[in-house]
Each structure stands twice: as C-alpha cells, then as structure tokens.
1. Need one number: convex hull volume per residue for the chain, Cα atoms only, in Å³.
2. Report, by chain and number, residues whose modeled amide H sits under 5 Å from the one on LEU134, excluding near sequence neighbours (fewer than 5 apart, same chain).
3. From the phi of every residue in region 120-133, what ³J(HN,Hα) in whole Hz does the Karplus formula 6.51 cos²θ - 1.76 cosθ + 1.60 yield, where θ is phi - 60° and glycine or proline is x?
4. Using the heavy atoms of the protein chains and a 1.4 angstrom probe, tell me the accessible area per residue for region 66-224 in square angstrom.
5. So for GLU3, GLU26, GLU71, GLU172, what's the accessible-area order with a 1.4 Å probe, most first?
6. Counting only protein chains, not ligands or nucleic acids, how are HIS67, HIS20 ordered by accessible area (probe 1.4 Å), most first?
7. Which is the longest run of the chain containing none of the trypsin sites (Lys or Arg not before Pro) found in DSSP loop states (not H, G, I, E, B) with at most 14 other C-beta atoms within 10 Å?
8. Relative contact order, percent, of region 48-142 when contacts are C-alpha pairs under 8 Å separated by at least 6 residues?
Amino acid sequence: MPEIKISPSILSADFANLGHEVRAIESAGCDWVHVDVMDGHYVPNITIGPLVCKSIRPHIKTVMDVHLMIEPADLYLEAFAKAGADHISVHPEACPHLDRTLQVIADLGCKVGVALNPATPASVLTHVMDRLDLIIVMSVNPGFGGQSFLPSQIEKIRTLKSMIGDRDTLIEVDGGINATTAPLVVAAGADVLVAGSAVFGKGGQDESVYAANMQAIRDSVRSE
Ligand code: DX5
Ligand code: ZN
C-alpha cells in the first residue's frame, strides 16, 4: 500500500498551549497540520479564526491544512491565505457559487479542497473535479472531535477514487480515524488521514506520545 499522510487535527490539542502542541506534532513527524475552523453557524461549535492560524504559522514548517466549516466562506478566504494557510477546504453547502470559490482559493496561491459531509454525495463534485487538489470525506458529521467513524463513507471514498482517475487529487478522510478505522479507509482509496483524538488524546502531552500515536495508525495501515 502507498505511504499515507497524517494530518493531526489540533481540535484535540491543548488550546492554551498551541505553540507547544504544533511544534510537538511536527517534531513527532506529522505530514500536515489540520486546522478545524468552525463558526457556530454552519456547524454547532466555535473554534478558531485567521488570527490563531497566523500565530501558529511561525511555529511549523509543514503544510497548514485549513478546513473551513464556516458560512459564508467566501468572505474569509483571503484572511486565511494571508494567515499562512497552504490548503483551504470549503464545504459546498456553504458556497453557493462553488466553482468561483475554488478559483479564488487557487488565485490566492493555496491548494484547493472541498469537504463533503456524510450526507453529501460525491456527485456534487462532478463538474469541478479539475479544480481540486484535495477532497475531504467527512466520516463524522462536522462540529466535534471524538465522534465515531461512519462506515457509510467507505463507499463514497471508492466512488471518488474512480472519479479522480488519473488526476493528482488527494482523498483526505476526516473523523473517527484511529488504528481500527484507518485500514478501512486506506483500502478504499484514502491518501491522507486526519486524526484528532487518536493523535492528541486530551492534548498537552509530549512529542514521544504523539509520535507513538501516529506510528500506531501507520502500522495499522501497513499491516493490512
Ligand atoms: C470535525 C473535524 C475533524 C475532527 C477530527 O468537524 O473536521 O477534524 O475534529 O477529530 P477526531 O479524529 O477526534 O474525530
Ligand atoms: Zn477537519
């Protein structure tokens, strides 16, 4: 199986100590750092905004993988790009003119992503496939870390894999990923795994704990 990437979600990190948390996760060998942005409107939770992204940025060299769960998203794309986002992913329901939004993200110099909720079909992407660097398959309903993986999303990953065809678009799976569920999504075609609670636990731990938690996920996939 090809090497997978791990993008730990800082949603499960210690928010009072984010600098330490992102440095620790990077030294522990993460591939990307996943930032969950929630507005209390599109999803029933409120997290962080561009200011916090900007504060984290100098602490990491790796990719800042920003997942926007906000509506409207268009108003804030530039702010997140300026705050140092490398990837910006949006939800189609929050972007009435999705094709235009994806062009704006690309014009800002960021990799372009779309995130699909569990009930959102792969077919919403049919006519924008050529614009996508990244597709996030939500394997929980967005809003909170620590929820249980929804197996119904495995078939969607397979569908997207075949829609992607020869393109370089990556499939990132987000929600309920751990050493039990990772092999299922990788077998279906996932390239990148977001993991919050399975990597950070309750947060505030040292680098060796995060490294061991990521290794457990990588081992589960290799042993398949
Ligand atoms: C959910 C977020 C996820 C989530 C992942 O809305 O997009 O990134 O926090 O957390 P775990 O891995 O704990 O499900
Ligand atoms: Zn996310």
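1. On the way: hull volume 23.9 nm³, N = 224.
Value for the chain: 107 Å³ per residue.
2. Correct list: VAL112, VAL114, LEU170.
3. 8, x, 4, 5, 4, 9, 3, 9, 10, 3, 5, 8, 9, 8
4. That works out to 43 Å² per residue.
5. Largest accessible area first, the residues go GLU3, GLU71, GLU26, GLU172.
6. Sorted by accessible area, descending: HIS20, HIS67.
7. That would be 62-166.
8. In percent, rounded to a whole number, it is 24.
The values are calculated or read from the model by the stated rules, or taken from the named source; none is laboratory data. A quick note: this is a predicted structure, and the numbers were derived from the prediction, not measured. Backbone-built Cβ (ideal geometry, glycine too); neighbour counts: all protein chains shown. Only protein heavy atoms, including side chains, enter the accessible area calculation; ligands, DNA and RNA are left aside. Shrake-Rupley method; radii C 1.70, N 1.55, O 1.52, S 1.80 Å.
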